[in-house]
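**Q** Below: one structure in structure tokens.
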Amino acid sequence: MAWLNRVKREALQGDSLGANSALPSSLTDLLASIDAESLVLGSSDVIIFQTSGIATFNLTRDRFLINNSLLTLVRAVRRSGTQQEATMELPRGPIGEGTHDLLVRVTPIGSDGMIAILIFDDSEMRRLDAIRKDFVANISHELKTPIGALSILSEAVLGASDDPVAITRFATRMQAEAQRLSGLVQEIIDLSRLQDGDPLKSGEIVDLVLATKEAADQTELSAESRNISVVLSLPDRVEITGNRDQVIMAIHNLIENAINYSPEGTRVAVALRVSDGLAEISVSDQGIGIPESALERIFERFYRVDAARSRATGGTGLGLSIVKHVATNHGGDVSVWSIEGAGSTFTIRFPLSSTDSQPTLNAVEAK
Ligand code: ADP
């Protein structure tokens, strides 16, 4: 039972897993200063030190590693006595396509059988790179269209100086194009906010009930102008971990679309609930719907089913790609159900924050 005693001793020594761990402070200081998350295992694989960010990756439970690939690496290091390195792709949450792309380095340290594991998170760099590449490719084209239209329209205005009816017509179109440009600029700003950092790592607790209310409030003017009632169905409290501004932006985009692609006088229903340990926000409209052939593509940047309709509503084709980014970055996903001519329901799901409890009461609030 010497083995068991050693495990117990190491577990006790590493009780705080921080500054007071069984490691000399010079070593913990060094590990804390490296731009990587780190773990140190004792000779019987009990974790005796870990940086706080390790929790994001779901690699450990009760002082032990639970990830098989990492355990295999540790075994290889114990066998060979030499450093091992591997890349790992871990899911960001229980659902969705988001991943952490990690470079993992496992090194023996000292002569007591201790092992240090350094984890470098590449996902942020890759994520930003993907956003940038994808974006630059399309943005110049998207900017050219309204700018080109403004230039042609201003020439037309000059040529029609003695025809007030034509001038009004051209000026109205100029106004629409200018609005489109300003919408595009706003969404570029929104996209740049997606680069604020990993919402799970620097995450705060986000109250989804308040976030949904705020997103709905932001759409009040457009709902009113089209005589559309936005009806909220919210429980008492649902909490997730993430970036509040991004979450509000995603919900806002869905409600704004529901309003824009619906006939006047219809209803948009926004419901928040908890299902299977996930927070689920659905936005349903009685609008024009989306043809089945387009459902696959609507989350792509700059894709629009009907470019003319989207232009008329000031659409940029960026809204849903922002929603998808936000959902994925939070370890969640977004899906759509739609019938042409009848309406659409978009649903975003987020993993609940670990401190959240189940909501109790359903309240319906009409706007
Ligand atoms: P846009 O700025 O054009 O609205 P989005 O990325 O938000 O861009 O949406 C992409 C396309 O998906 C839209 O152009 C529209 O054709 C379609 N769409 C989005 N939401 C809805 C909806 N609620 N009802 C019908 N069509 C929708």
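The values are calculated or read from the model by the stated rules, or taken from the named source; none is laboratory data. No experiment lies behind these values; they were computed from the predicted model shown. In this analysis, Cβ positions are derived from the backbone assuming ideal geometry, glycine residues included, and neighbour counts consider all displayed protein chains.
**Q** Can you pull out the residues in the range 214-248 that are among the basic types (Lys, Arg), in contact (Cβ under 8 Å) with a residue 40 or more places away in the chain and farther than 19 Å from residue 98 by Cα?
**A** If the condition is that a residue be among the basic types (Lys, Arg), in contact (Cβ under 8 Å) with a residue 40 or more places away in the chain and farther than 19 Å from residue 98 by Cα, then 237 is the only one that fits.
**Q** Let me ask something else. Determine the pairs where a residue that is on the phi > 0 side of the Ramachandran plot, located within the range 85-113, has a partner that is surrounded by 14 or more Cβ atoms within 10 Å (Cβ to Cβ) with Cβ atoms under 7 Å apart, the partner being 6 or more residues away or on another chain.
**A** 96/327; 96/328; 96/331; 96/332; 96/333; 113/43
**Q** On to the next question. Restricting attention to the range 270-327, which residues are more than 6 Å from the ligand (Cβ to nearest atom), in contact (Cβ under 8 Å) with a residue 40 or more places away in the chain and among the acidic types (Asp, Glu)?
**A** 280, 292 - these are the residues of the range 270-327 that are more than 6 Å from the ligand (Cβ to nearest atom), in contact (Cβ under 8 Å) with a residue 40 or more places away in the chain and among the acidic types (Asp, Glu).
**Q** Could you say which residue among 210, 194 is in contact (Cβ under 8 Å) with a residue 12 or more places away in the chain, within 26 Å of residue 56 (Cβ to Cβ) and not charged (D, E, K, R)?
**A** Exactly one residue qualifies, and that residue is 194.
**Q** Let me confirm something: among 95, 66, 47, which residue is under 21 Å from residue 23 (Cα atoms) and not basic (Lys, Arg)? Can you show your working first?
**A** Details: 95 fails: under 21 Å from residue 23 (Cα atoms); 66 fails: under 21 Å from residue 23 (Cα atoms).
Sole residue among the options that is under 21 Å from residue 23 (Cα atoms) and not basic (Lys, Arg): 47.
**Q** Any idea which of 146, 108 is assigned to a strand (DSSP E or B) and either at pLDDT 90 or above or in contact with a helix residue (DSSP H, G or I) (Cβ under 6 Å, 6 or more places away or on another chain) (or both)? Before you say what the answer is, go through the steps one by one.
**A** Working: 146 fails: assigned to a strand (DSSP E or B).
Sole residue among the options that is assigned to a strand (DSSP E or B) and either at pLDDT 90 or above or in contact with a helix residue (DSSP H, G or I) (Cβ under 6 Å, 6 or more places away or on another chain) (or both): 108.
**Q** I'd like the full set of residues that are buried (at least 18 other Cβ atoms within 10 Å of the Cβ), more than 16 Å from the ligand (Cβ to nearest atom) and among the charged types (D, E, K, R), limited to the range 168-206.
**A** 198
**Q** I'd like the full set of residues that are within 13 Å of residue 345 (Cβ to Cβ) and either of a type in the set (Val, Ile, Thr) or in contact with a helix residue (DSSP H, G or I) (Cβ under 8 Å, 6 or more places away or on another chain) (or both), limited to the range 261-288.
**A** 261, 268, 270, 281, 283, 284, 285, 287
**Q** Here is a further query. Does residue 42 count as within 28 Å of residue 241 (Cβ to Cβ) and small (Gly, Ala, Ser)?
**A** no
**Q** So which pairs qualify, if the first residue must be in the range 153-167 and in contact (Cβ under 8 Å) with a residue 24 or more places away in the chain and loosely packed, with under 15 Cβ neighbours inside 10 Å, the second must be in a helix (DSSP H, G or I) and among the polar types (S, T, N, Q), the Cβ gap must be under 8 Å, and the two must be at least 6 apart or on different chains?
**A** Within 8 Å, no pair qualifies.
**Q** From 354, 282, 321, 262, grab the single residue that is part of a loop (DSSP other than H, G, I, E, B), polar (S, T, N, Q) and under 26 Å from residue 203 (Cβ atoms).
**A** Result of the check over 354, 282, 321, 262: 354.
**Q** Would you confirm whether any residue within the range 339-354 is surrounded by fewer than 18 Cβ atoms within 10 Å (Cβ to Cβ), within 13 Å of the ligand (Cβ to nearest atom), among the aliphatic types (A, V, I, L, M) and under 23 Å from the mean Cα position of the chain (by Cα)?
**A** no
**Q** If residue 50 meets every condition in (1) under 27 Å from the mean Cα position of the chain (by Cα); (2) crowded, with 20+ Cβ neighbours inside 10 Å; (3) in contact (Cβ under 8 Å) with a residue 40 or more places away in the chain apart from one, which number is that one?
**A** (3)
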